[in-house]
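FYI, it's all coordinate maths here, none of it is from the lab. Just so it is clear, the structure is predicted and the values come from calculations on it, not from any experiment. For neighbour counting, all protein chains shown are included, and Cβ atoms are generated from backbone atoms with ideal geometry for every residue, glycine included.
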């Protein structure tokens, strides 16, 4: 589900990422975060910048980047000819 929240979306994403990190701190044995981020981190926009900043700050690695020769599309609409990667695994 997507809500058009305009300029507020950045604050919501930051709040969700802070919640994710608080759970990570609560369960330090957890080494993998799986997320339906619904943002293409290879494009430049407000949401992807926030998520990439979070990953950098917390020294998390996008697992898909460990396999650069693989097709990484997680959303495909063949009828429209659209595809993108909006779902990710990250680890420490």
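A few points about this structure:
- By the helix-only formula, in which each DSSP H run with n ≥ 4 contributes -39500 (n - 2.57) and the sum is divided by residues, the chain has a 222 nm mean residue ellipticity of -10500 deg cm²/dmol.
- Of 58, 73, 82, the one that fluctuates the most in a GNM where the chain has Cα springs shorter than 10 Å: 82
- Annotation: average projected area of the chain is 7.0 square nanometres, based on the convex hull of Cα atoms across all directions.
- Look at 78, 29, 14 and count the other Cβ atoms within 10 Å of each Cβ; fewest to most, that gives 29, 78, 14.
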